[in-house]
Amino acid sequence: MSVKSDTYRISAENIIKKIKMRGMDAAYYETGEQAKEAILAEMPEGSVVTWGGSMTIEEMGLADAIRNSDKLVFLDRSTAKTTEERREMYTNQTAADYFLMSSNAITMDGELVNIDGNGNRVACLIIGPAHVYVIAGMNKISPDLDSAIKRARNIASPENNVRLGKEHPCTKTGRCGDCLAEDCICNQIVITRRNSGGAPGRIKVILIGEELGY
Ligand code: SF4
C-alpha cells in the first residue's frame, strides 16, 4: 500500500459515513477492477442497465463488460442516432433497472455535483431508474460545495469540451468562460444533497482509490 492509497481509503471511509447520512448507500474499492466485479455481481440476470455516458465507466472496463454480457440487457445511448431514437432511448432509460453514471464532483460532506447538457443524465439521477450507481475515482473529491462546483465547471467541463472537440471559451483557456453557446454542454448544474425520501438507498455511490475520468 502507498501513502496515496492509504489516504484515499481513510478519506473514503469518512465520506461514506456522510453519504449514508444523506440516505444514499456507498462503498469503497481500491481499484476499478474490484469495483467492476462487485457491481456486476449485484445486478441480477436479465436486468436492464443503462448509463449517462462516462469516461470513468469506460476506463474501468464496466461499459464493455455490460456491452458484452449475455446476462444483462444494455440500453446504450450512443446507439441512438436520430432525434426520434434519442427520444425513445431517454424514455426507455427512465424505466431501466440500473442507471450508471459518474459524478463531476463529490464533496467531503457527501454531496454530488453534476453538470449536464441535455439533462437526461441528471434527470435519471433524480428520478426514474430503480437503482443508480454513481461511480467515481477519488480524484473527483472536493473539500466543500464551493470547490466541487468549481471543479465541475473548471476541470470536468473543459476536459469534456476538449474531448468532444467543441469550440468554446473553455477549450481555448482551459477554464470555464460561462458561455451561452447554442451547443453548450453545461446547461444544468445539479446538487444532490440527499436521496429522495421515498426510496432510501436508491442511489449508491461507489468510490474508487484511483484517478478515473475527468
Ligand atoms: S459553460 Fe461554456 S465555457 Fe464554461 S465549461 Fe461549459 S461550454 Fe465551456
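By a 1.4 Å probe calculation restricted to protein chains, ARG9 has an accessible surface near 80 Å², given to the nearest 10. Over all orientations, the chain has a Cα convex hull whose mean projected area works out to 11.9 square nanometres.
With each label modelled as a point 7 angstrom along the Cα→C-beta vector, the ALA65-ASP146 pair spans 3.9 nm.
The simple Förster model, with R0 at 22 Å and r as the Cβ-Cβ distance, assigns ARG194 and ALA38 a FRET efficiency of 0.35. Within the stretch 125-167, which residues have the backbone N less than 18 Å from the label spot 7 Å out from VAL73 along Cα→beta-carbon, could you tell me? Taking a point 7 Å out along Cα→Cβ of VAL73, the residues of the stretch 125-167 whose backbone N falls under 18 Å are 128-132. So the label point goes 7 Å from the Cα of LEU164 along Cα→C-beta, right? Which residues of the stretch 105-140 then have their backbone N under 13 Å from it? Of the residues in the stretch 105-140, 115-122 have backbone N under 13 Å from the label point off LEU164.
Taking 0.36 nm per residue of sequence separation and subtracting the Cα-Cα distance, how much length would be gained by fully extending the chain between MET21 and ARG9, in nm to one decimal? Show your work: numbers first, answer last.
Values: separation 12, 0.36 × 12 = 4.32 nm, distance 1.87 nm.
Separation in residues times 0.36 nm, less the Cα-Cα distance, equals 2.5 nm.
Evaluate E = 1/(1 + (r/R0)^6) for ALA95 and MET1, where r is the Cβ-Cβ distance and R0 equals 30 Å; express this FRET efficiency to the nearest 0.05. Let's see the in-between values first.
On the way: r = 42 Å, r/R0 = 1.41.
Between ALA95 and MET1 the formula returns 0.10.
Applying the Karplus relation 6.51 cos²θ - 1.76 cosθ + 1.60 with θ = phi - 60° to the stretch 41-51 yields 3J(HN,Hα) values of 5, 7, 9, x, 4, x, 5, 8, 10, 9, 7 Hz, where x marks Gly and Pro. The alpha carbon centroids of the stretch 164-209 and the stretch 58-98 are separated by 20 Å.
Beyond 14 Å, how much of the Cα-Cα pair distribution for the stretch 17-77 remains, as a whole percent? Before the final figure, lay out the partial values.
Numbers: 1120 of 1830 pairs.
Within the stretch 17-77, distances greater than 14 Å cover 61 percent of Cα pairs.
Remark: for residue pairs LYS18/LYS204; LYS81/LYS150; LYS36/LYS204; LYS150/LYS172, the C-alpha separation exceeds 22 Å in LYS81/LYS150.
The values are calculated or read from the model by the stated rules, or taken from the named source; none is laboratory data. The structure displayed is predicted, hence computed values, not measured ones. Cβ coordinates were reconstructed from backbone atoms using ideal geometry, including for glycine residues, and neighbour counts include every protein chain displayed. Calculation scope for accessible area: heavy atoms of the full protein, side chains included, ligands and nucleic acids excluded. Shrake-Rupley method; radii C 1.70, N 1.55, O 1.52, S 1.80 Å.
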